[in-house]
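This report concerns only the one structure given below.
Values quoted throughout were computed directly from the atomic coordinates according to the rules given, and no laboratory measurement underlies them. Quick caveat, the model's predicted, so the values are computed rather than measured. Reconstructed Cβ throughout: ideal geometry from the backbone, glycine too, with neighbour counts over all protein chains shown.
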Amino acid sequence: MRCPFCQNPCHEETVECSHCGFSLPKLDQYLGSVPKVRKGISDEHGRLRTKERSRVMGAISRLEKKFPQIGFTVLIEKVKPEVPLHLYAFWIFNRSTVCASVSTGAVNRDILLTIDAPGRRASLMIGYGLEPFMSAQHLTDTLEHAREELTAGDFQGAIVAVLERLETHLLQLHGSLRRTYGAEAAELGIKPEKSDLVNRDGSPVY
């Protein structure tokens, strides 16, 4: 992994970055109390209407059904403009009970989408278990796919766009791993359900 502040390499067990001195305790002092984050959708300020929440939950369920090893959560919050959103998202990912306490280290395959509603900003965080497969470019591309909706304040559309792009990347990554490692790819943490993958003639992909 890399330090979220200076981007220099560091170990996941590192308490304080040896390059810049960044640490979670320092971030705690700066940001204060961790907001309540619920699995699935956390939208304490009600930015999503009931029908929009339903559509988003449906999209989340579809992704998690296709990739049972992955957990997806979206947090819609008000973040101070002076706070870098990627640092805020890193703090939430590591301090909230949704992402931090359920699974740690290489088995953490959680995905957290953080949206700063007033600032029309978004950040995407993945657990260590996905880092070997999903690059920063994958995450940037995924957010870029939702830029138009996010800029317009269409948070439902932005979240669904992110989920759709994530699914595309995960399917491509799984196919690449399977071609390289064969059946062992199923053990690498991004295995889709067989019933969701079919050839053009309707037969299962594998």
> Roughly what would the spin-label model give for residue 14 and residue 147, points 7 Å off Cα along C-beta, in nm?
Replying inline: 3.0 nm
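Once you've got the Cα coordinates, tell me which of 39/80; 36/65; 36/80 are over 21 Å apart. Don't jump to the answer; show the numbers that get you there.
On the way: 39/80 23 Å; 36/65 25 Å; 36/80 17 Å.
Violating the 21 Å Cα-Cα cut-off are 39/80; 36/65.
What does the charge count near residue 130 come to, summing +1 for each Lys or Arg and -1 for each Asp or Glu among other residues with Cβ under 10 Å from its Cβ? Before the final figure, lay out the partial values.
On the way: positive: 109; negative: 110, 131.
Charge balance in the 10 Å sphere: -1.
Going by C-beta contacts inside 10 Å, put 174, 86, 11 in order with the fewest on the left.
Numbers: 174 22, 86 15, 11 8.
Going from least to most buried by this count: 11, 86, 174.
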> What nm distance separates the two modelled labels at residue 65 and residue 23, each placed 7 Å from Cα along Cα→Cβ?
Replying inline: 4.6 nm
